[in-house]
2 protein chains.
Amino acid sequence: MTSVVTDSVTIAREATREALHASIERLDPRMRHVCGYHLGLWDADGVPTGLSGKGVRPELVLISTAATNRDPLSAVPAAVAVELVHNFSLVHDDVMDGDESRRHRPTVWAAFGLSTALLAGDALLALAGEVLAEAPSPTVGYAVQALSATTRRLIAGQAADLAFETRPDVALEECLRMEADKTGALLACACSIGPMLADAPACSAAALAEFGERVGIAFQLDDDLLGIWGATERTGKPVLSDLRSRKKSAPIVAALTSGTAAGAALRALYRQEAPLDEDELARAAELVEEAGGRTWAERRAAAELDAALRLLAEAFPDPHRAAPLAAMATRLAGRDH
Amino acid sequence: MTSVVTDSVTIAREATREALHASIERLDPRMRHVCGYHLGLWDADGVPTGLSGKGVRPELVLISTAATNRDPLSAVPAAVAVELVHNFSLVHDDVMDGDESRRHRPTVWAAFGLSTALLAGDALLALAGEVLAEAPSPTVGYAVQALSATTRRLIAGQAADLAFETRPDVALEECLRMEADKTGALLACACSIGPMLADAPACSAAALAEFGERVGIAFQLDDDLLGIWGATERTGKPVLSDLRSRKKSAPIVAALTSGTAAGAALRALYRQEAPLDEDELARAAELVEEAGGRTWAERRAAAELDAALRLLAEAFPDPHRAAPLAAMATRLAGRDH
């Protein structure tokens, strides 16, 4: 049984890769080139790279569909659409955040300019809706609505993230909501849109959405910790980068609002006009830890992952079916390293 | 009969206005505020203005649906979606073109900054797909695909427009294709998506798409002429603005590629490194005219409008049904002034 599931996922994975490439081929030559560059299909001169994104989200679409005992092949349009929405948000977020590199290559705006990056993101978003709407499924309308609502949350999350940069007073609760919107929403969608499109029972899709949301929050909290304490080789970002740009990620907000002496000292550093030097950055990281921000984030991430795995076990009494989802969740939450 | 059609359009127009407002209310507070500002619902401080866009595209959706003898009320989600896509493109185009004012108010990026404008455009595009997908129609899938393909053409047109700015050698044919993508595509969609959603005969929808495409080209050519010779009060743009920014609009490309002495002189002016002064701008406008660019654009616009009206008369033998579409086409092509 397990091997049949695995085989059907393998087939769907290859079909997803092909459908993703085919979707890019619909674009006009300029947008095709730029979007294909962003997806890692070729370099800025059009030379094929052999690389491609890690594809966590399409994988979640396929294995969640398989978990509901539906053919993951029927979820391929959803897998492609979710990956396109994810990449739309990356291309535009890189513009807004001024990030010049991603996956060890120049970002789209850095390589091709602002206007082209704007249009490329727009093209990816429009393409997502188009690919999904074409899915030959009686429940395609629900899937399109789910993806749209998710996109709305992504945008709300990014808007909140940007607004936080200039706000001195961010509460932990709103910070967590921002992170749930920025990261949880799309993972919730990735874990439920395939079953939705494949007409799996609504209760399975709902449980998988909740599972994905919690995994997304755990994943984001782990990413927040990496944004302070590193692993450049994994994230492509330098150590202390979030402190350097004075981001208000959850562990930092937890520290700032802790009511501790360390939190107050961190607040004073964040208020400083001049850029923080290397000593001050190292001190800021220590203060986040002293104020309990690190421990809080680690515990919260663990709690979200545990809750997600419990939900999964309840929704899928046969552990074989849910095993790939559980493994992916553990990996995403950074609990496999 | 005519008054019944008119009444049903009046009802649908009000429903469209309400549905457009309701769609904006789905957004998070920040995006709601910014998108509502752009749509003219309120000013930058949130004070209601009583203004709103001219709504040409939703009007086309409703009257084309009525022309096919379907209830325009069933096309309301399409009218809202087309208006949202139009406004998405305005918000992002203003960023790319660096335009600081629109409809005599600061553009979104000028009022709220680049990142917010990026997100607001994204939000409007996502909302369009969402609203349309919710339409309770068995043919909603076709409508969603039509809108997506249209958005793809809008993006391709804007990408070409930007690319032309730095290309010395733009052919008239590709310039016309760019204008058809930038303007014709969305009017083609506005004239056919309502009938498509209301399950009108496919041949009517196809004729209306062709009609809208040609009206869009005539409209764009008229707009190109206004971009050189003015009517600031109508366009909100200063006289000679397209020459100042060395746009390669169709009348200008027609002049540049005319093989005339005036065309060569214009080419030399366009190659000049320094900004053109007022005398040079006036001279450039004269050269476009001498090289035949103005006459060419006027004739081509008239030919497109005539072809559109012929198509309409063939598709709708009852002139009452098509009269509102014919009137709107004439107005859009600038032939009513």
**OP:** Would you mind listing the distances between the residue B:104 label point and the same position in each other copy? Use 7 Å along Cα-to-C-beta, nm, one decimal, shortest first.
**Re:** 5.8
Subject >> chain A, helix-only ellipticity at 222 nm - DSSP H runs n ≥ 4, -39,500 (n - 2.57), divided by all residues, nearest 500 >> reply: -23500 deg cm²/dmol
Original post:
Assigning unit charges at the beta carbon (Lys, Arg +1; Asp, Glu -1) and nothing else, what dipole magnitude in debye, to the nearest 20, does the protein assembly as shown show about its Cα centre?
Top reply: 540 debye
**OP:** Once you have a ≥ b ≥ c as the square roots of the Cα gyration tensor eigenvalues for the range B:86-177, tell me rounded if a/c is under 1.5, and otherwise prolate or oblate according to whether a/b is larger than b/c.
**Re:** oblate
Subject >> Principal-axis tilt of helix B:2-24 within chain B, Cα atoms, nearest 10 degrees >> reply: 80 degrees
Original post:
Given a 1.4 Å probe and every protein chain left where it sits, what share in percent of the accessible area of chain B is carbon and sulfur?
Top reply: 55 percent
Subject >> Size of the A/B contact, given as accessible area buried on both chains, probe 1.4 Å, in Å² >> reply: 2700 Å²
Subject >> Where the range A:43-199 is the region considered: accessible area per residue in Å², 1.4 Å probe >> reply: 33 Å²
Subject >> Directionally averaged projected area (convex hull, Cα atoms, the range B:177-334), nm² >> reply: 10.1 nm²
Subject >> the protein assembly as shown: Rg to Rh, with Rh as the Kirkwood radius over Cα pairs >> reply: 1.00
Subject >> Top positive-direction residue, dipole computed over chain A with Cβ charges, set A:312, A:263, A:147 >> reply: A:312
Subject >> Unit charges at the beta carbon, dipole of the range A:19-177: most positive-side option, A:35, A:157, A:115 >> reply: A:35
Original post:
What are the residues of the range B:126-141 that lose 20 Å² or more of accessible area, with a 1.4 Å probe, going from their chain alone to all protein chains?
Top reply: B:126, B:130, B:133, B:134
Original post:
With springs only between Cα atoms under 10 Å, which of B:163, B:254, B:126 fluctuates most in a Gaussian network model of chain B?
Top reply: B:163
**OP:** State to the nearest 20 debye the size of the charge dipole of the range A:2-332 about its Cα centre, where the only charges are +1 on K and R beta carbons and -1 on D and E beta carbons.
**Re:** 260 debye
**OP:** Please work out the Kirkwood hydrodynamic radius for the range B:2-332, using every pair of different C-alpha atoms, and report it in angstroms with one decimal place.
**Re:** 20.6 Å
**OP:** Give the nm distances, rounded to one decimal, from residue A:18 to the matching residue in every other copy, measuring between label points 7 Å along Cα toward the beta carbon; shortest first.
**Re:** 4.9
Subject >> Cα Rg over Rh - the range B:8-115, Kirkwood >> reply: 1.01
Subject >> Listed residues A:106, A:65, A:85: farthest to the positive end of the dipole of the range A:65-127 (Cβ charges) >> reply: A:65
Original post:
Counting only Cβ atoms, what residue of chain A lies nearest to the axis that sends chain A onto chain B, and how many whole Å off?
Top reply: A:129, 2
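The values are calculated or read from the model by the stated rules, or taken from the named source; none is laboratory data. In this text, all values refer to a predicted model and were calculated from it rather than measured experimentally. All Cβ positions, glycine included, derive from the backbone under ideal geometry; neighbour counts span all protein chains shown. Side chains included, ligands, DNA and RNA excluded: accessible areas come from the protein's heavy atoms. Shrake-Rupley method; radii C 1.70, N 1.55, O 1.52, S 1.80 Å.
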